Amino acid sequence: MDSKTQSKVLERRRLKAGRLLLKGVAQIDVAHRFGVAKSTVSGWHAKLERGGLDALRATGLRGRPAALDEADRKGLGKLLLKGPRAAGFTTDVWTLRRVRALVKREIRVVLSESQIWRVLRGMGFSPQKPAKRALQRDENKAREWQTQRWPALKKRFIAEFRGRRRGF
């Protein structure tokens, strides 16, 4: 649910509660009916007495506006999906520092690494650990070693281990 929809839902709840309070329903009963604390209903009641039902209407979204708007986030998402090498980095690993540099360079907005983290989480990205593999790794040789050499080593180790135990 986006913040505007949530704001409207909460406003409707406050107005319904306000109407009940105007009818003389006890604050504790209103609190139980709407699943909120009595102190919340008490605050609604105080607003109701000062300004009527209009005082319970939504006052708009609060807080600082987002540094990146929807278009900026979409553009950032496209850049991230192209990969770090396409953005001019030397390896295929995104770090917060690299994403921060990308945002600064491409969108011209300076954010802290913690802000970058929140933006990425909000966009649906999650942290990933890169597979630790040597660049020189030959997959065929590794598979051959696992299927042929390792079982032989394992058998020899087990035989030696059992032989030592019998000697005690």
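The values are calculated or read from the model by the stated rules, or taken from the named source; none is laboratory data. Not measured: the values here are computed from a predicted model. Cβ coordinates were reconstructed from backbone atoms using ideal geometry, including for glycine residues, and neighbour counts include every protein chain displayed.
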From (1) touching a Lys or Arg at 6+ places or on another chain (Cβ under 7 Å); (2) more than 30 Å from Pro130 (Cα to Cα), pick out the condition that doesn't hold for Pro84.
-> (2)
Need at least 2 residues that are closer than 27 Å to Asp2 by Cα and touching a residue at least 24 places away in the same chain (Cβ under 8 Å) per element, so show me which helices (runs of 4 or more DSSP H) inside the range 68-140 make the cut, counting only ones lying wholly within it.
-> 70-82, 113-122
Condition set free of Cβ contacts under 8 Å to residues at least 12 places away in the same chain and more than 27 Å from the chain's Cα centre (by Cα), scope the range 1-27, selection nearest to Asp54 (Cα to Cα): answer is Arg12
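For every residue, the table says whether it meets (1) aliphatic (A, V, I, L, M); (2) in contact with a helix residue (DSSP H, G or I) (Cβ under 9 Å, 6 or more places away or on another chain).
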{"position": "Ile28", "(1), (2)": "yes, yes"}
{"position": "Val41", "(1), (2)": "yes, yes"}
{"position": "Gly63", "(1), (2)": "no, no"}
{"position": "Ala71", "(1), (2)": "yes, no"}
Single unsatisfied condition, Thr59 versus (1) at pLDDT below 95; (2) within 19 Å of the chain's Cα centre (by Cα) = (2)
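Just checking, which of Gly52, Gly83, Gly35 is touching an Asp or Glu at 6+ places or on another chain (Cβ under 8 Å) and either modelled with pLDDT of 90 or more or exposed (fewer than 13 other Cβ atoms within 10 Å of the Cβ) (or both)?
Result: Gly83 is the single residue among Gly52, Gly83, Gly35 that is touching an Asp or Glu at 6+ places or on another chain (Cβ under 8 Å) and either modelled with pLDDT of 90 or more or exposed (fewer than 13 other Cβ atoms within 10 Å of the Cβ) (or both).
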